[in-house]
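A.B. asks: Mind having a look at this structure? Questions to follow.
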Amino acid sequence: MSTQTTSYERFPIWRRIEHMAMLLSFTTLGLTGLPQKFPEHAVSVFIVGLLGGIEGLRIIHRTAAIVMMLGTIWHLLVFGYLAYVRRTRLSMLPSLQDLKDGIQAVLYNVGLAKSFPQMGRYTFEEKMEYWAFVWGTAVMVATGFMMWNPLTTVQFLPGVVIPAAKAAHGGEAVLAVLAIIIWHMYGVHVKRFNKSMFTGKMDEHDMLHEHPLELADIKAGIA
């Protein structure tokens, strides 16, 4: 008896490459950025020494930042193409239904709702994480540019923005790393290991559990 299950494509190869580039650049930024925020910690001292001193660490950090910025530009270009040329449905945009799903999920988790919300291509949690990443990237790029180019910055803005940018950059970095370790790792790799961003596919069982409305649309031929 065959145990093979039907799989559905969720992410084409170019999306997976984009995700891998972001994963590697973000990890590198975290490993080279936090030692600069906490320079006296023993782990920070070890990492700085391993990478050839503070200047070597900063070169790696800035290179990873450039990779992430290029990835962001690519993402925006693809977004524009899909939205305005292909007229693809923008399923990652938040909606009122996401708020309803979030409330129902909380009520279900505390035993006040009978069922977990049925969701489509992207869950409210995935949308929250995506837009948090968008906001975080915008803050990190803006503040990072100010710190990297202080003389250019003060030609247009008061000098006080440099220490303010440093504080915002470091705080957002800590928040982003904690969000990935606690929120993303648990939701994607611990609670239910979602391999679709690496394989590009999701089997029917997982689709039924995670994205039942999308699965219904696929089977109805309207996805």
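A.B. asks: Determine which single condition Trp14 fails, assuming it passes every other condition in (1) surrounded by 11 or more Cβ atoms within 10 Å (Cβ to Cβ); (2) at pLDDT below 95; (3) assigned to a helix (DSSP H, G or I).
C.D. replies: (1)
A.B. asks: Sticking with this one: Could you please give the count of residues in segment 127-173 that are in a helix (DSSP H, G or I) and polar (S, T, N, Q)? Explain how you work it out, then say what you get.
C.D. replies: First pass over segment 127-173, keeping only residues in a helix (DSSP H, G or I): 127-148, 150-153, 161-173.
Restricting the remaining residues to those that are polar (S, T, N, Q) gives 137, 143, 152-153.
Of the residues in that region, 4 qualify.
A.B. asks: For Ala113, state whether it is touching a helix residue (DSSP H, G or I) at 6+ places or on another chain (Cβ under 6 Å) and free of Cβ contacts under 8 Å to residues at least 60 places away in the same chain.
C.D. replies: Working: touching a helix residue (DSSP H, G or I) at 6+ places or on another chain (Cβ under 6 Å): yes; free of Cβ contacts under 8 Å to residues at least 60 places away in the same chain: yes.
Against the criterion (touching a helix residue (DSSP H, G or I) at 6+ places or on another chain (Cβ under 6 Å) and free of Cβ contacts under 8 Å to residues at least 60 places away in the same chain), Ala113 qualifies.
A.B. asks: Would you say Leu93 is outside any loop (DSSP other than H, G, I, E, B) and of a type outside the set (Phe, Trp, Tyr)? Break it down into steps so the answer makes sense when it comes.
C.D. replies: Numbers: outside any loop (DSSP other than H, G, I, E, B): no; of a type outside the set (Phe, Trp, Tyr): yes.
Criteria not met by Leu93.
A.B. asks: While we're looking at this one, here's another question. From the list Ser7, Ser25, Ser95, exactly one residue is over 24 Å from the mean Cα position of the chain (by Cα) and of a type in the set (S, T, N, Q). Which is it? Steps first, answer last, please.
C.D. replies: Numbers: Ser25 fails: over 24 Å from the mean Cα position of the chain (by Cα); Ser95 fails: over 24 Å from the mean Cα position of the chain (by Cα).
None of the others qualify; the one that does is Ser7.
A.B. asks: Let me ask something else about it. Hey, does segment 83-100 have a residue that's exposed (fewer than 14 other Cβ atoms within 10 Å of the Cβ) and farther than 26 Å from Ile222 by Cα?
C.D. replies: Checked segment 83-100: no residue is exposed (fewer than 14 other Cβ atoms within 10 Å of the Cβ) and farther than 26 Å from Ile222 by Cα.
The values are calculated or read from the model by the stated rules, or taken from the named source; none is laboratory data. Treat the numbers as computed from the prediction; the structure is a model and nothing was measured. Cβ atoms come from the backbone with ideal geometry, glycine included; neighbour counts cover every protein chain shown.
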